[in-house]
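Worksheet: one structure, shown below.
What follows is calculated from the coordinates using simple rules that are stated; it is not laboratory data. Keep in mind that what you see is a predicted model, and the values were worked out from it rather than measured. Note: ideal-geometry Cβ built from the backbone for every residue, glycine included; neighbour counts use all protein chains shown.
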Amino acid sequence: MALLEVRDLTVSFDTPDGVVHAVNGINFDLDPGETLGLVGESGSGKTQTALALIGLLAENGRASGSVKFRGQELLGMSISELSRVRGSKISMIFQDPISSLNPYMTIGDQLVEVLTYHRNLRRRAARERAIEMLNQVHLSDPKQRMRQYPHELSGGMCQRVMIAMGLLCQPDLLIADEPTTALDVTVQSQINTLMAELSEQSSTAILLITHDLGVVAGLCHRVLVMYAGQEMEMAEVKELFADPRHPYTEGLLNSVPRLDKARSGILNAIPGNPPNLLDIPSGCPFSNRCRYAFEKCRELPEFEQLDGGRLKRCHLDALPVTEEEAG
Amino acid sequence: MSARRPVLEVRDLSVHFRVDTGGVFRHNYHTIKAVDRVSFDVNAAETLGIVGESGCGKSTLARAILGLVRPQDGRVAWLGENLLDLDEERMRGKRREIQMIFQDPSGSLDPRMTVGDIVAEPLKTFFPSMSRLQIRERVQGMLKLVGLLPEQINRYPHEFSGGQCQRIGIARALVVNPRLVVCDEPVSALDVSIQAQIVNLLKDLQKKLQLSLIFIAHDLSVVRHVSDRVLVMYLGQVVEVADRDSIYLNPRHPYTRALIESVPIPDPVKERERARRSLKGDMPSPMNPPSGCVFRTRCPYAIDACADQRPGLETLDSGRLVACIRHRELADGLEAPDPEFA
């Protein structure tokens, strides 16, 4: 049985301008120890998917569908039940490490609190475990860090603390929402190395949300590409990069300049603008930006199964060979 | 590039900030050397990329060039004339020739002005004699040039997406026919698909209008794509300057090398096989920089001598500049001595 089973997850928000459909019927499974990447641009619904899983949607948000964690339904769970799962079996780290920590509490108190709450440890035992965890995420001088406040630490150090906090109770699932986006490249590379290490050493499954295809390439086993709250494509990481089957995936891969390839004159930008969730085109949501769009795209394609367990939502049987590839 | 005289010459430019670090009975002041004796040139119709991580002083450098912060020391010569000697009145005239594009596309547009007014404002400032009709025509032409519709002239910034707002920012910068445009992280707030549109637009306009660009960014792949030459900064100082291909194929400074190795490659096979020498730690506090070479506390190749004095920018063959006392050994294939980096 999969660790996490998400079925037909829908998230919408009531706003003064109308109902915003952020996530429109997402399905995926996550196995123990697996790292799944949720990829997409702003407005693709990747963060709202994650927040819905653990009941952290904003007040005007509603989630429907089913999210089963170890067979237990999370949607509709009471807050008191949820808070026993959150932080112990499922934990989450956020994009902005500094503002995700409590500025009024020392690092030590914040870590100890997790263990005394979820594991009923005594303070001394909790402190020892916390220091051990800080060591494991390679934070220098853990004992001294325990006495410090978040503002005394750099962004990279705070993110290590967040990761340590997320892993304190050895969760089955770690949700990481753009964990390195706010960090400098050299620090980003440290944190990614750490995440890869942790994923190898433990059986913790990771749901990694990011827009950075380089990070996906380094860390994920499988990838789900989202656009305007819909699943566009799902595949094993190597297959997705070597042979994208959806025009949006192809567009994303082609639009980034790459250090490992010769420079090209112009970048293959995806035309148009990111989707406006109040006004998503009917049919395929990507059709108004798609270079291959045709008549049939006015109907929403199924998220259909392809060979090798891949899935895609597109009417095209195969992507045409582009000039660059043929050239 | 060309043997002609550079349009912009920056020499030994330093910008210091005095910060109050508290104290009970009297204030304690610290000096932050945000930009510390930086020198470089920009040639006509050339793009100079400036890269570095947050806090390295790249934005302060941009602001100092435009006269938006007062440098402590140094020279910013525009076509041979030192801008730092000019009074406010004459500096304003020069600002027509040097324009800026900002990072936050919608935050840098006044939400209560229409797009037409936003783009027209610099024209009214610099060309007070232009008639309303001339201004309108010029603004509409500009909107078209940056890929917006001339009919959108009466709309407000909130009606546009981030990428479109950046196009408006570009139109505003270019409407007065500048010769140099300083772009401070112009695409980092945008989604990747939109980033590519804006990068293409900037490159295209540069060619059409023969602009010089200073392109400041932290994304090394984007900088490689747009720049002719690249300057790398660390903690307020220039550590390396070279033409684009040499800096990416053959970085000579250990920091440049580490930066390039840190960029994740969107290819799962290559990315997982890459040998990486991750840098340890974080950038030191600019309030209390290390003695000697500022990079030595994180440098895998640092030796005792690196603490003694600040390495000068040495000119190598083909005009590239490097500030490292061990760059020759590095070029000869020196391995990292510290096992932590292996």
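Assorted remarks:
- Fraction of beta bridges assigned by DSSP in region B:1-91 that are antiparallel (%, nearest 5): 100
- Farthest positive-ward along the protein assembly as shown dipole, Cα basis, beta-carbon charges - from A:Leu82, B:Leu190, A:Pro257: B:Leu190
- The label point for A:Asn60 and the one for B:Asp245, both projected 7 Å from the Cα toward the Cβ, are 5.5 nm apart.
- Share antiparallel - DSSP beta bridges, chain B, percent rounded to 5: 60
- Hull volume in cubic angstrom per residue (convex hull over the Cα atoms of region B:1-61): 82
- Summing charges over all other residues whose Cβ lies under 11 Å from the Cβ of B:Leu123, with Lys and Arg as +1 and Asp and Glu as -1, gives +3.
- Size-normalised alpha-carbon gyration radius of the protein assembly as shown, reference 2.2 N^0.38 Å: 1.01
- Between 0 and 90°, nearest 10: helix B:115-126 axis offset from chain B longest Cα axis: 80
- Total formal charge among the other residues, if their Cβ is under 14 angstrom from that of B:Gly67, Lys/Arg +1 and Asp/Glu -1: +2
- Think of it as helices only: each DSSP H run of n ≥ 4 in chain B is worth -39500 (n - 2.57), and spread over all residues that comes to -9000 deg cm²/dmol at 222 nm.
- Rounded if a/c under 1.5, otherwise prolate or oblate - region A:76-182, Cα gyration tensor axes: oblate
- Nearest-0.05 FRET efficiency for A:Glu197 and A:Met105, computed from C-beta distance (R0 22 Å): 0.20
- Measuring between alpha carbons in the structure, the pairs from B:Lys94/B:Lys124; A:Lys238/A:Lys296; B:Lys94/B:Lys203 lying more than 25 angstrom apart are A:Lys238/A:Lys296.
- Least to most buried among B:Leu190, A:Leu198 (fewest other Cβ within 10 Å first): A:Leu198, B:Leu190
- Seen from all directions on average, region A:1-148 presents a Cα convex hull projection of 10.8 nm².
- Calculated SAXS-style log₁₀ I(q)/I(0) at q = 0.19, 0.22 Å⁻¹ - region B:118-208, Debye, Cα scatterers: -0.90, -1.17
- DSSP bridge orientation in the protein assembly as shown - percent antiparallel, rounded to nearest 5: 60
- Rounded if a/c under 1.5, otherwise prolate or oblate - chain A, Cα gyration tensor axes: prolate
- Mean projection area, nm², convex hull over Cα of region A:141-199: 4.5
- The mean sequence separation of alpha-carbon pairs under 8 Å and at least six residues apart, normalised by the residue count of chain A, gives a relative contact order of 20 percent.
- Rounded FRET efficiency, nearest 0.05, which uses the C-beta distance separating A:Asp96 from B:Arg11 and R0 of 25 Å: 0.05
- 17 Å Cα-Cα reach of A:Lys261 towards lysines, excluding residues that sit fewer than 8 places from it in its own chain: B:Lys270
- Note on B:Leu316 and B:Val19: the model spin-label points, each 7 Å out from Cα along the C-beta direction, lie 3.3 nm apart.
- Shape class of chain B from the alpha-carbon gyration tensor: prolate, with a/c at 1.5 or above and a/b greater than b/c.
- Kirkwood hydrodynamic radius over Cα pairs of region B:40-123, then Stokes diffusion coefficient at 37 °C and 0.692 mPa s, in µm²/s: 218
- Volume per residue of the C-alpha convex hull in region B:228-316, rounded to whole Å³: 118
- From least to most packed, judged by other beta carbons within 10 angstrom and beginning with the fewest, A:Ser91, A:Ser44, B:Ser129 follow the order B:Ser129, A:Ser91, A:Ser44.
- Alpha-carbon centroids, region A:228-307 and region B:14-50: separation in whole Å: 43
- Note on A:216-228: average number of Cβ atoms from other chains within 10 Å of each residue's Cβ is 2.
- Radius of gyration, Dmax [region A:76-117; alpha carbons; angstrom]: 11.9, 34
- With only the Cα atoms considered, region A:198-302 has a convex hull volume of 129 Å³ per residue.
- Neighbouring Cβ atoms from other chains, within 10 Å of the Cβ of residues in A:253-265, number 6 on average.
- Environment charge at B:Arg112 (Cβ cut-off 15 Å; Lys +1, Arg +1, Asp -1, Glu -1): -3
- With a Förster radius of 41 Å applied to the beta-carbon distance between A:Leu75 and A:His151, the computed FRET efficiency rounds to 0.65.
- Cβ crowding within 10 Å ranks A:Asp109, A:Asp317 as A:Asp317, A:Asp109, fewest other Cβ atoms first.
- Relative contact order [Cα under 8 Å, 6+ residues apart], chain B, whole percent: 18
- Calculated P(r) tail over 22 Å for region B:157-243, as whole % of Cα pairs: 28
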